[in-house]
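The values are calculated or read from the model by the stated rules, or taken from the named source; none is laboratory data. If you're wondering where the values come from, they're calculated on a predicted model, not measured in any experiment. Neighbour counts run over all protein chains shown; Cβ positions are idealised from the backbone, glycine included.
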Amino acid sequence: MTALPLVFSPPKGAKKPPRHLADLDIDGRRAAVADLGLPAFRANQLSKHYFERFTRDPAELTDLPAGDRQRLADEFFPKLLTDVRDQTCDAGLTRKTLWRLFDGALVESVLMRYPDRTTLCISSQAGCGMACPFCATGQQGLTRNLSTAEIVDQVVVAARVMRDGEIEGGPGRLSNIVFMGMGEPLANYNRVLAAVRRITEPGPGGLGISQRGVTVSTVGLVPGIERLTAEKMQVRLALSLHTPDDELRDTLVPINNRFKVDEVLDAAWGYAKSTGRRVSIEYALIRDVNDQPWRADLLAKQLRRRGDFPWVHVNLIPLNPTPGSKWDASPKPVEREFVRRLIAGGITTTVRDTRGREIDGACGQLAALEDK
Ligand code: SAH
């Protein structure tokens, strides 16, 4: 057993991100407004500005008393994310943004437009403590948890970018959110869950994105999966499995030393049974490491023996080699054989597209270096 921290506690005396409207639920916002000696309905007005009009500019708060605008903006809309750099690729349909947080920590988010949907990949932590050796973020270690509002603000900014047509293809709507940027979302459980509620609650409480359009991706923190199951939400769960056997998974996903393949698959199956939502098994195919035909067969067997109804699908990710890594993606014929065996074993299987590759915005490449 290793001593990987499940929940990160900041060093004593570390400063917290400033409180923001998006940290609070509606009742909390009303109370905070009342604390300033203002009527509680001002909370709704502020919420509409932020979650429905995507503005936090005091000059635009025109339904609030002129004398209060600046004070309210200072109080509820402190600047959380500073845009350090935007990079675009895939003919303008993918945009990666590097953000600097109030304390200098760096995180990234990636916006990807598809014909039928637009997905934002967001970060839940600066860095990550899970230490998966094939992942660029995992090599950095954990800096800190993001606050709820630091997570939500990534989404609000992207929703505004889409509305204003700043991404190729004209104005549109942000429809999907995936917690597949930096960090392990279930290691920052309370803030991530509050962020999911803000993202999915209808306005003016939140952004009103469908729960079914939100994916929480995890290395497999079993207690976190069980807590998420108990929330009775309709969000999608993605489990980064990467191999069906403990021996290899102990090295690829070090937290496997604490939560074994069987336990995480049982937890994932429990999530599917309880929510009726198909779980997504993420599997980065690494040449000569986890791409052998027997592993495809074992994976299919492990998934099938838990349930016959289509409770799960496998999403293969061609490995994105990280700088200095000895690993590479599997050759296409090997990938095809892996897919063929899973499908023959009765498992729905897809291969992830590789959006954002040339700007280091693809899966597992987010390292948030400022001087690359
Ligand atoms: N910590 C969470 C979410 C962040 S990573 C998790 O592990 O699920 C999002 C996905 O990208 C995970 O499935 C992760 O295993 C995968 N990934 C990480 N590094 C990768 C790489 N170099 N190539 C392909 N996928 C990678």
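Structure summary
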| quantity | calculated |
| --- | --- |
| Restricting the range 177-205 to residues that are assigned to a loop (DSSP other than H, G, I, E, B) and either within 19 Å of ARG117 (Cβ to Cβ) or of a type in the set (Asp, Glu) (or both), the residue that is farthest from the chain's Cα centre (by Cα) | GLU201 |
| Lone qualifier among ASP353, ASP297 - being out of contact with any strand residue (DSSP E or B) (no Cβ under 6 Å at 6 or more places or on another chain), among the acidic types (Asp, Glu) and either in a strand (DSSP E or B) or free of Cβ contacts under 8 Å to residues at least 12 places away in the same chain (or both) | ASP353 |
| Check on LEU237, within 12 Å of the chain's Cα centre (by Cα) and either assigned by TED's automatic domain parsing to the domain that holds ARG100 or closer than 30 Å to ARG295 by Cα (or both) | yes |
| Flag if SER147 is within 21 Å of LEU21 (Cβ to Cβ), crowded, with 22+ Cβ neighbours inside 10 Å and touching a Gly at 6+ places or on another chain (Cβ under 8 Å) | no |
| Subset of the range 167-183 (residues that are in contact with a helix residue (DSSP H, G or I) (Cβ under 8 Å, 6 or more places away or on another chain), surrounded by fewer than 24 Cβ atoms within 10 Å (Cβ to Cβ) and touching a residue at least 40 places away in the same chain (Cβ under 8 Å)) | ILE167, GLY172, ARG173, SER175, ASN176 |
| Some residue of the range 258-275 being buried (at least 17 other Cβ atoms within 10 Å of the Cβ), within 16 Å of the ligand (Cβ to nearest atom) and closer than 16 Å to CYS135 by Cβ | no |
| Qualifying position, being assigned by TED's automatic domain parsing to the domain that holds PHE134, within 15 Å of the ligand (Cβ to nearest atom) and over 15 Å from the mean Cα position of the chain (by Cα), among LEU303, LEU248 | LEU248 |
| Residue among ASP371, ASP297, ASP308, ASP353 that alone is of a type in the set (D, E, K, R), surrounded by fewer than 18 Cβ atoms within 10 Å (Cβ to Cβ) and at pLDDT 85 or above | ASP297 |
| PHE309 vs. criteria more than 30 Å from GLY104 (Cα to Cα), in the same structural domain as LEU93 (by TED's automatic domain parsing) and touching a strand residue (DSSP E or B) at 6+ places or on another chain (Cβ under 7 Å) | no |
| Residues being assigned to a loop (DSSP other than H, G, I, E, B), over 19 Å from ASP245 (Cα atoms) and either in contact with a helix residue (DSSP H, G or I) (Cβ under 9 Å, 6 or more places away or on another chain) or within 11 Å of the ligand (Cβ to nearest atom) (or both) - total across the range 328-337 | 1 |
| Only one of LEU111, LEU93 that is in the same structural domain as ASN190 (by TED's automatic domain parsing) and at pLDDT 95 or above | LEU111 |
| Failed item, numbered, when ARG163 is tested on (1) closer than 22 Å to ALA22 by Cα; (2) surrounded by 17 or more Cβ atoms within 10 Å (Cβ to Cβ) | (2) |
| Which numbered condition GLY170 fails, given (1) modelled with pLDDT of 95 or more; (2) within 16 Å of the ligand (Cβ to nearest atom) | (2) |
| Flag if ARG197 is among the charged types (D, E, K, R), touching a Gly at 6+ places or on another chain (Cβ under 7 Å) and more than 16 Å from the ligand (Cβ to nearest atom) | yes |
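Quick grid of which residues meet (1) within 30 Å of VAL84 (Cβ to Cβ); (2) near the ligand (Cβ under 10 Å from one of its atoms); (3) out of contact with any helix residue (DSSP H, G or I) (no Cβ under 8 Å at 6 or more places or on another chain):
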residue: ARG278; (1), (2), (3): no, no, no
residue: ASN290; (1), (2), (3): no, no, no
residue: PRO293; (1), (2), (3): no, no, no
residue: ASN320; (1), (2), (3): yes, yes, no
residue: SER325; (1), (2), (3): yes, yes, yes
residue: ILE343; (1), (2), (3): no, no, yes
residue: VAL351; (1), (2), (3): no, no, no
residue: GLY361; (1), (2), (3): yes, no, yes
